1. Going through the range 156-210, which trypsin sites (Lys or Arg not before Pro) have at most 13 other Cβ atoms within 10 Å and a DSSP loop state?
2. Compare the Cα positions of Ala91, Thr252, Gln37 along the charge dipole of the chain (+1 at Cβ of Lys, Arg; -1 at Cβ of Asp, Glu; about the Cα centre) and return the one farthest towards the positive end.
3. Filter the chymotrypsin sites (Phe, Trp or Tyr not before Pro) in the range 66-134 down to the DSSP loop ones having no more than 14 other Cβ atoms within 10 Å, then list what survives.
4. Given H placed on each backbone N at 1.01 Å, which residues far from Gly115 in sequence or on other chains put an amide H within less than 5 Å of it?
5. Amide H of Phe122: which non-local residues (sequence gap of 5 or more, or other chain) have their own amide H closer than 5 Å, using H built in the peptide plane?
6. In percent, how large is the relative contact order of the chain, given Cα pairs closer than 8 Å and 6 or more residues apart?
7. Need one number: nm distance between label points at Glu173 and Asn99, each 7 Å from Cα along Cα→Cβ, rounded to one decimal.
8. So what is the 222 nm mean residue ellipticity for the chain from helices alone, if each DSSP H run of at least 4 adds -39500 (n - 2.57) and you divide by all residues, rounding to the nearest 500 deg cm²/dmol?
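Every number here is computed from the coordinates shown, using simple stated rules; none is lab data. In this text, all values refer to a predicted model and were calculated from it rather than measured experimentally. No Cβ is skipped: glycine too gets one built from the backbone with ideal geometry, and neighbour counts run over all protein chains shown.
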Amino acid sequence: MATVMKVVTNFRGQAGYGWSEVHYRLSSSDTPDLKAQLNSYLANIAPARQVLLGEDCKIIGARISYPRAGAIASFAAKYDLPGTADMSGTAPALSLAINFKDTTFTKTKVLHLRGFWDLVEFNEEYKPGNAPGWVDALTAWKNALIAGEYGWPTKDAANSARGQVVNYVQNAEGTVKLTLANVVGTLPILGSVFQCAFSKINKSESVLNDTFLVERTGALELTTVQQVGVGPFATKGKFNYRAVTFTRYAETGAISLGERRMGKSPGLIPGRSRARRRY
């Protein structure tokens with residue numbers, strides 16, 4: 001059974017800002033060797049990405065993971081891989097919006113590359129010719145990702161589903177059972193646990209208008225895995241289940257100057273609020 005693995009690379013700038021980049025890879029095993037997979041990424045992808053960084057930025061670590069029954073399998077490592085010497089990095093808020101394409105050129109994944117050489121940005125435009133060696137370095141990174149069979153998850157229309165939420169009730173243990181109708185597409189089999197998005201319930205004012213981990217407990221019934229505090233049902237809403245399939249990088253399309261704000265540096269202090277109870 002094939003397994004989609006998620007690789008997150010963490011970066012840090014000299015001013016203290018941090019950011020991450022995400023790639024995915026498909027393994028033919030249902031229990032891939034995560035240490036070997038991360039070592040392969042470090043040997044073949046990270047050095048090419050390191051060259052694209054300014055001297056004031058560096059790669060500080062990476063993590064690879066995949067979901068399994070009731071848990072996440074993961075492996076992480078810390079690094080200290082500085083950018084190209086004597087090449088200043090660009091402003092923290094700027095990015096290069098790189099359009100990755102699949103083999104059919106019908107699917108697109110936009111990756112925001114940050115910490116790049118300042119010379120390739122001029123008058124608010126991407127000017128790759130301004131920095132000798134930049135185009136070759138970017139091409140080497142792109143080719144390493146393609147050769148390594150990395151990619152991204154795209155919507156699997158044949159196995160996705162959408163429709164209406166026509167009622168819900170609070171179970172005794174605090175979970176919520178939602179009743180569906182007018183289902184278009186294919187829901188996972190009974191007993192499956194998956195992410196599902198809800199909207200427009202109770203005129204868009206319900207706490208259920210969000211994405212939840214649910215279990216399919218009936219032909220037209222979903223039950224939240226966690227407790228959720230809800231009021232009485234008032235008006236119909238919608239649900240959307242998005243199944244995904246792995247798509248490999250095949251080429252890049254347009255590259256333009258973009259904006260992607262950085263946050264706190266990973267590994268130092270919490271960068272987000274702790275999870276809050278919904279009940």
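1. Sparse-neighbourhood loop trypsin sites (Lys or Arg not before Pro): Lys203.
2. Gln37
3. Phe105
4. Correct list: Thr90.
5. HN-HN under 5 Å from Phe122: Lys127.
6. Once normalised by length, the contact order is 21 percent.
7. Distance between the two pseudo-spin positions: 4.8 nm.
8. -3500 deg cm²/dmol
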